[in-house]
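Q: Sending over a structure as structure tokens; questions will come in a sec.
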Amino acid sequence: QVQLVESGGDLVQPGGSLRLSCAASGSIFSISTMGWYRRAPGKQRELVGTITREGTTNYADSVKGRVTISRDNAKNTVYLQMDTLKPEDSAVYLCNALLQTTIIDPARFYWGQGTQVTVSS
């Protein structure tokens with residue numbers, strides 16, 4: 001079994017910063033792309049950004065310049081640093097990972113349960 005567990009969600013004031021983590025554990029052979037998504041109440045899930053195993057990042061226009069995604073391949077962990085937070089950033093933040101559990105299995109996406117970020121004064 002594979003588990004992705006997010007952490008770091010919190011209540012933060014507008015203009016503040018927050019760092020989220022997502023650790024993958026279990027039967028993992030390799031992880032390629034990892035990503036962060038968010039889901040606000042009444043809205044569809046949207047992409048925040050992704051990072052390849054080599055460290056190439058891609059960000060949604062709505063967060064570009066305010067967030068940084070990084071990863072530690074040795075720890076199977078991806079991070080989301082968010083700065084200059086706005087109330088509209090409030091959402092459940094979820095991570096996913098495209099990974100193989102064995103050398104012969106095809107890669108597929110796994111998802112975490114999410115962590116709540118609330119930006120409010």
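Q: Going residue by residue through the stretch 49-60, is there one that turns out to be assigned to a loop (DSSP other than H, G, I, E, B), within 19 Å of VAL119 (Cβ to Cβ) and of a type in the set (A, V, I, L, M, F, W, C)? Show your work before the answer.
A: Of the residues in the stretch 49-60, the ones assigned to a loop (DSSP other than H, G, I, E, B) are 52-56, 60.
Now restrict to residues that are within 19 Å of VAL119 (Cβ to Cβ): 60.
Pick out the ones that are also of a type in the set (A, V, I, L, M, F, W, C) and you get 60.
The answer is yes, given that some residue of the stretch 49-60 is assigned to a loop (DSSP other than H, G, I, E, B), within 19 Å of VAL119 (Cβ to Cβ) and of a type in the set (A, V, I, L, M, F, W, C).
Q: Within the group GLY26, GLY42, which residue is surrounded by fewer than 19 Cβ atoms within 10 Å (Cβ to Cβ), at pLDDT 95 or above, at positive phi and not polar (S, T, N, Q)?
A: Working: GLY42 fails: at pLDDT 95 or above.
Result of the check over GLY26, GLY42: GLY26.
Q: Regarding GLY42, is this residue more than 17 Å from ALA97 (Cβ to Cβ) and part of a loop (DSSP other than H, G, I, E, B)? Even if it seems obvious, please write down each step before you answer.
A: Working: more than 17 Å from ALA97 (Cβ to Cβ): yes; part of a loop (DSSP other than H, G, I, E, B): yes.
So GLY42 passes the test.
Q: Another question, then. I need the full set of residues from the stretch 73-85 which are open to solvent by 40 Å² or more (accessible area, probe 1.4 Å) and not charged (D, E, K, R), in order please.
A: If we filter the stretch 73-85 for residues that are open to solvent by 40 Å² or more (accessible area, probe 1.4 Å), which is where we start, we get 73-76, 81, 83-84.
Within the stretch 73-85, ASN73, ALA74, ASN76, GLN81, THR84 meet the criteria.
Q: Another one. Among the residues of the stretch 52-69, are any closer than 14 Å to LEU4 by Cβ and modelled with pLDDT of 95 or more?
A: At the first step, the residues of the stretch 52-69 found to be closer than 14 Å to LEU4 by Cβ are none.
The answer is no; no qualifying residue exists.
Q: Just to be sure I understand, how many residues within the stretch 33-44 are touching a strand residue (DSSP E or B) at 6+ places or on another chain (Cβ under 9 Å) and more than 18 Å from ILE69 (Cα to Cα)? Spell out the reasoning first.
A: As a first pass, look at the stretch 33-44 and keep what is touching a strand residue (DSSP E or B) at 6+ places or on another chain (Cβ under 9 Å): 33-41, 43.
Cutting the leftovers down to more than 18 Å from ILE69 (Cα to Cα) gives us 40-41, 43.
Selection size over the stretch 33-44: 3.
Q: Consider only pairs whose beta carbons are under 7 Å apart and that are at least six residues apart or on different chains; among these, list those whose first residue lies in the stretch 1-16 and is at pLDDT 95 or above and open to solvent by less than 50 Å² (accessible area, probe 1.4 Å) and whose second residue is assigned to a loop (DSSP other than H, G, I, E, B) and of a type in the set (Gly, Ala, Ser).
A: Listed by first residue and then by second, the contacts come to VAL2/SER27; LEU4/GLY112; GLU6/GLY112; GLU6/GLY114.
Q: Here's a follow-up. Here are SER90, SER70: which of them is of a type in the set (S, T, N, Q) and either more than 10 Å from the chain's Cα centre (by Cα) or open to solvent by less than 40 Å² (accessible area, probe 1.4 Å) (or both)? Walk me through it before giving the result.
A: Details: SER70 fails: either more than 10 Å from the chain's Cα centre (by Cα) or open to solvent by less than 40 Å² (accessible area, probe 1.4 Å) (or both).
From the options SER90, SER70, the qualifying one is SER90.
The values are calculated or read from the model by the stated rules, or taken from the named source; none is laboratory data. Source: prediction; values computed, not measured. A quick note on method: Cβ atoms are made from the backbone with ideal geometry, for glycine too, and the neighbour counts reach across all protein chains shown. Accessible surface areas use protein heavy atoms only, side chains included; no ligands, DNA or RNA. Shrake-Rupley method; radii C 1.70, N 1.55, O 1.52, S 1.80 Å.
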